[in-house]
Each structure stands twice: as C-alpha cells, then as structure tokens.
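Each reported figure results from applying straightforward, stated rules to the coordinates on display, with no laboratory input. Remember, predicted model here, so these are calculated numbers, not experimental data. Backbone-built Cβ (ideal geometry, glycine too); neighbour counts: all protein chains shown.
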Ligand code: ATP
C-alpha cells in the first residue's frame, strides 16, 4: 500500500465532522484500509468511532474538504445504497416477522438475484454462521446470539465490497460474546472482506483487528497492529486503554530509574531527569525477598483464573500490579522481590493527565 493510498480498498482523506449544533465529533483524519484487512476503530464512548464509520458508509457527509475513496474512486457524495457496503449494528435491525432465510435473502431479492441463486447463497451463509436448522424460524423466535448471526449473514449475503460492523456483539452476554468473537474472526478470515469494526472493547479489538486505530476525543491516538499498540503504545492514554498498565513516574540517573523499592535499569534511553514509563503486569516476575531488582510488600492477591494478580506496594511511587503464575505462594503482608527486564520498561512522553 503506497502512502498516497493507491490500491487501498478504502481511503478517507482529511475527513472531519462538526455537527450542526457545533459538536466537533471528528478531527480531520486520513486513513488507508487495505483490501481484505480488518481495521478496528477502538476508543471510549463518544470518541468519534461511529461518526467515522457512518462517513465511510455514506450515512454522514464529512466536513467540506474531506473525501472518501473506494478503490481510488471518489465516493464522498455517493449514497449508501450505491456504495456496496454491508452493515451490522448493535441493534440488529432485522425484520422481526420474516423468517431467517427471508431476512438473509432480503438484499439479494431487492437486487434482483434469481430465486435459485438466492436459496444457494442462503444455504451457504446459514452454514457459515452456524444457524443451520433455524432457516424457517421468525426473528422474534430467536435468541440474541442467533439474531446477531442472522444479521451478519444478511450483511454479507450481498457480497459487499466492504463490511461495516458497529459494536455487533455489545448486546450479548459475556460468554456468548467471547464465542461469537472467535466465530466472527473465522468468518472474516474465510470471507476475506475488507472490514471496518467499531468497538470500545479492547479484547475484541485485539482478537479481530489486523490493525487497530485507537481514538480519543475525535482524534487518532495511534494506528498499529494489536502487538504494536499493546507493546509500544505511543502515549499514556493508549497504554492504559489497551490492557493493564503500570504507569510509573520517577527520577532517572544514568539510564536507571530511581524507585522507592530499588533501582530499575531501563533500555529506553531516557535523557531527562524524570521519566514516565509503562510496565505491563505480566512482564514483572516475583522472586524471593532480597533477590530481584525491586523490593515490595504484597497488598492484595486476586485469583483471576489462569494466573493471579498481586498488588505490590513500596516498590514504586504507587502500588504495582503484578501478574504471577498460580504456583507462586504470596500472602498479604509478605515482602517479595520483583525482577523486570530492562526491555519491558517502555518510555512514554511525559504529559499532564486530564
Ligand atoms: P459510542 O461508543 O458511545 O457509540 P462513538 O465513539 O461511536 O461513541 P460518536 O457516536 O461518533 O462516538 O460520537 C462522537 C461525538 O459526536 C459525541 O460527542 C456525540 O455526542 C456527538 N454526536 C454524534 N452524533 C451527533 C449528532 N447527530 N449531532 C450532534 N452531535 C453528535
């Protein structure tokens, strides 16, 4: 993909949005989405994710100067029905009185696809979305998870060039959401459709995204692969929004962070007198007291299934979250040692928190 965006399946160019009431929902943003890529728009409520998706869909016009290109073609003023996009929202927007099969076939019918081909396409999608046996049920006779599968099947039935998903799993309970998330992952890979997926759930973003666009207050905070945004967040906001992060501010002397519980060498070349760094809880190892780099006291221990989360005070300027294997015996009040590899300490730009 060139920097000019030639060859990008979708390009938004300087697309900002200020609503009629003066609300600035989106700062002008430029973004290329490659063919077949799943791009996730991730951020807290109100950061402009849906607005960006609606601009791509053609449900919203960008402010003057903004452009939306599909395969290099200017689509900015092309209405949604001529953009060949499939959409799924949090609310399913299915026809409640129609059967599953008729819902899935709906878009094909209005496009004049012949009955035989419609039936074949419905059969294929029913299998792909795991709803075999429900073809003749009405939508109001289905569970939430089943409805969501029908909504997906209907959106992809028309073989859209681009699939737009806005929090499609949010309405479901946690266990079902997890299951559908992996099913959706499989489905998106199988279909190879260029997909833009809006969510505020970082686990969903990590699992589904080839790349994640982290958004904050109408602006793009970082774009990167899940690994990039997780291991190399550009700033404190991204570090804290994606996964658990210890943010530590401390003085630095000759490449060593001076902490209450010890001296922590860092690799990140901090040249300032004070540094803000991020340390992921799972990169901190618990050792015997007196060993390790830092010393601290166990404040709390929480069992979280495949591991335990310790909160350790006295080691840093504020309590550190430490994820340790369940085999580690730690009790509240124990003095323990902590070791942290220098490359697990990530320098962040110092910035005032708001
Ligand atoms: P959520 O996760 O809550 O859906 P979001 O990140 O998708 O949030 P948007 O729906 O894009 O956020 O909204 C961005 C901002 O624009 C919000 O402050 C919202 O209140 C505002 N906004 C959205 N639609 C309109 C509108 N039609 N008129 C005025 N302001 C709007």
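Could you grab the relative contact order for the range 246-348? Cα pairs under 8 Å, six or more apart, rounded to a whole percent.
This gives 34 percent for the range 246-348.
Arrange 195, 287 by Cβ neighbour counts within 10 Å, fewest through most, would you?
Ordered from fewest to most neighbouring Cβ atoms within 10 Å, 195, 287 come out as 287, 195.
Full-extension gain between residue 304 and residue 273, please, as 0.36 nm times their residue separation minus the C-alpha to C-alpha distance.
Gain on stretching residue 304 to residue 273: 7.4 nm.
Between 263, 138, 82, find the one with the highest GNM mean-square fluctuation for the chain; connect C-alpha pairs within less than 10 Å.
Highest fluctuation of the listed residues: 82.
Which of 122, 150, 301, 213 comes first, and how do the rest follow, when ranked by fewest Cβ neighbours within 10 Å?
With the sparsest Cβ surroundings first, the list reads 301, 122, 213, 150.
Per the Debye formula with a single identical scatterer at each Cα and no solvent contribution, what log10 I(q)/I(0) holds for the range 129-181 at q = 0.16, 0.32 Å⁻¹?
Debye curve over Cα of the range 129-181, log10 I(q)/I(0) at q = 0.16, 0.32 Å⁻¹: -0.50, -1.32.
Suppose R0 equals 41 Å. What FRET efficiency, 1/(1 + (r/R0)^6) with r the Cβ-Cβ distance, do residue 136 and residue 73 give to the nearest 0.05?
Here the calculated transfer efficiency is 0.55.
Could you state the principal axis extents of the C-alpha atoms in the range 145-221, from the largest down, to the nearest angstrom?
Dimensions of the range 145-221 along the principal axes of its Cα atoms: 34, 30, 18 Å.
When Rg is the radius of gyration of the Cα atoms in the range 75-218 and Rh is its Kirkwood radius, what does Rg/Rh come to?
Rg/Rh: 0.96.
So how do 215, 278, 98 line up by other beta-carbon neighbours within 10 Å, fewest first?
Least to most surrounded, the residues fall as 98, 278, 215.
For the chain, what is Rg from Cα atoms divided by 2.2 N^0.38 Å, rounded to two decimals?
1.19
Specify the angular offset, from 0 to 90 degrees and rounded to the nearest 10, of the alpha carbon long axis of helix 115-128 from the longest principal axis of the alpha carbons in the chain.
Its long axis makes an angle of about 20 degrees.
Could you work out the relative contact order of the chain, using alpha carbon pairs under 8 angstrom and six or more residues apart, expressed as a whole percent?
Once normalised by length, the contact order is 15 percent.
Measuring from label point to label point, each 7 Å out along Cα→Cβ, what is the residue 95 to residue 253 span in nm?
Here the modelled spin labels are 7.6 nm apart.
Only Cα pairs within less than 10 Å get springs; with that Gaussian network setup on the chain, which residue of 247, 220, 293 has the largest fluctuation?
293
Per DSSP H run of at least 4 residues, take -39500 (n - 2.57); add these up for the chain, divide by its residues and hand me the 222 nm value, nearest 500 deg cm²/dmol.
That comes out to -7000 deg cm²/dmol.
What residue among 329, 222, 90 shows peak mean-square fluctuation when the chain is described by a Gaussian network model with Cα springs under 10 Å?
329
Give the whole-number value, in cubic angstrom per residue, of the convex hull volume spanned by the C-alpha atoms of the range 1-110.
Cα-based convex hull of the range 1-110, divided per residue, equals 142 Å³.
Stretched out fully, how many nm does the piece from residue 175 to residue 203 gain, at 0.36 nm a residue minus the Cα gap?
Working it through step by step, the gained length comes to 8.8 nm.
Based on alpha-carbon positions alone, could you give the equivalent ellipsoid semi-axes of the range 197-244 from the gyration tensor, as √(5λ), descending, whole Å?
14, 12, 10
Hey, what did the range 1-70 get for relative contact order, percent, Cα under 8 Å, at least 6 apart?
Relative contact order, the range 1-70: 40 percent.
With 29 Å as the cut-off, how large is the P(r) tail for the range 190-346, expressed as percent of Cα-Cα pairs?
27 percent
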